[in-house]
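Below: one structure, written as structure tokens.
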Amino acid sequence: MRVAQRCRSGMAPGRAVHSHHTNHSPALTHAAAQECAGTGSHASLLPRCTIPAKKHMRTITINGVPQKIDLPDDAPLLWAVRDHIGLTGTKFGCGMALCGACTMHMDGQPIRSCVTPISAVAGKKITTIEGLSADKIGQALQAAWEEFGVPQCGYCQAGQLMSATALLHANPHPSEEDIDGAMSGNICRCGTYTRIRAAIQHVARSNVAAKPVAQPAGKRSAK
């Protein structure tokens, strides 16, 4: 019955049993394999599933540091970062890319790490909330978050900050509509959306995100 409980706890039909469904990757016994294959005594109660996916050792770059991980290709990046690398600042919210709590950056672009397989990040630069302190816009936003009292329960704030940082990198002076559009995929259960917008506008007005103006060749700035 333990196998039945595991398979009924949220596994989608046809999905492999591996570490992003449980905290560990236990090898299936013969009886468990029968259950998941639909031939065991609990077969009528269970969705179809497969034998655990084969792991593959790979190196991914997290916050500028190469990290070796040994997981199946379809393991979500979120679980690799939290459970195997130990960076737990990024949160699990929905598992369906709907709430934004798991937002990370891949080559500077916001992604939902709960649905991004680690096979998709090969050769990419991944940044998590822990790496945001090395980003001047990220630093300014974190200070503004405190100044404007944005965090309440705090659960969604890592994802909010990651999306806000990506926005200001792409658009140093966003309008209210730009901000609302960029942040629309990040849900705040505490409803601090007006404070989030105000904090982003504050950083935008400070010109921290402004791109330096290139001077004409041969012209030197006045001292």
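Readers should treat all values here as calculations from the given coordinates under stated rules, not as data from a laboratory. Every value quoted in this text rests on a predicted model; they were computed, and no experiment measured them. Because the Cβ atoms are built from the backbone with ideal geometry, glycine has one as well, and the counts that use them run over all protein chains shown.
When we measure straight from the Cα of K125, which aspartates and glutamates land under 16 angstrom away, once same-chain ones fewer than 8 places off are left out?
Cross-link targets: D107, D135.
Would you list, by chain and number, the aspartates and glutamates whose Cα falls below 14 Å from the Cα of K55, excluding same-chain residues fewer than 8 positions away?
In chain and number order, the partners are D70, D73, D74.
Within 10 Å, count the other beta carbons around each residue, average over each peptide in 155-162, 117-124, 166-173, and list them highest first.
155-162, 166-173, 117-124
Rounded, prolate or oblate: which one fits segment 48-125, using the alpha carbon gyration tensor with axes a ≥ b ≥ c (rounded when a/c is under 1.5, else prolate when a/b beats b/c, else oblate)?
oblate
Grab the beta carbon distance between C153 and K125, set R0 = 30 Å, and tell me the FRET efficiency rounded to 0.05.
0.50
What are the ³J(HN,Hα) couplings of segment 72-84, residue after residue, when phi is run through the Karplus curve with 6.51, -1.76, 1.60 and θ = phi - 60°? Round to Hz, x for glycine and proline.
x, 4, 8, 5, x, 4, 4, 6, 4, 6, 6, 7, 10
Under the 0.36 nm per residue contour assumption, what length would be gained going from the current alpha-carbon distance of K55 and K136 to full extension?
Going from the current span to full extension adds 25.4 nm.
Stretched out fully, how many nm does the piece from A97 to E146 gain, at 0.36 nm a residue minus the Cα gap?
Value of the extension gain: 15.0 nm.
Would you mind putting 193-206, 102-115 in packing order, based on average other-beta-carbon counts within 10 Å, highest first?
Those peptides, ordered most packed to least, come out 102-115, 193-206.
Stretch M106-D178 to full length: gain in nm at 0.36 nm per residue minus the Cα-Cα span?
Gain in length upon complete extension: 23.8 nm.
K125's amide H: which non-local residues (gap 5+, or another chain) put their own amide H closer than 5 Å, with H modeled 1.01 Å from N in plane and none for Pro or chain starts?
Amide H neighbours of K125, under 5 Å, 5+ apart: D107.
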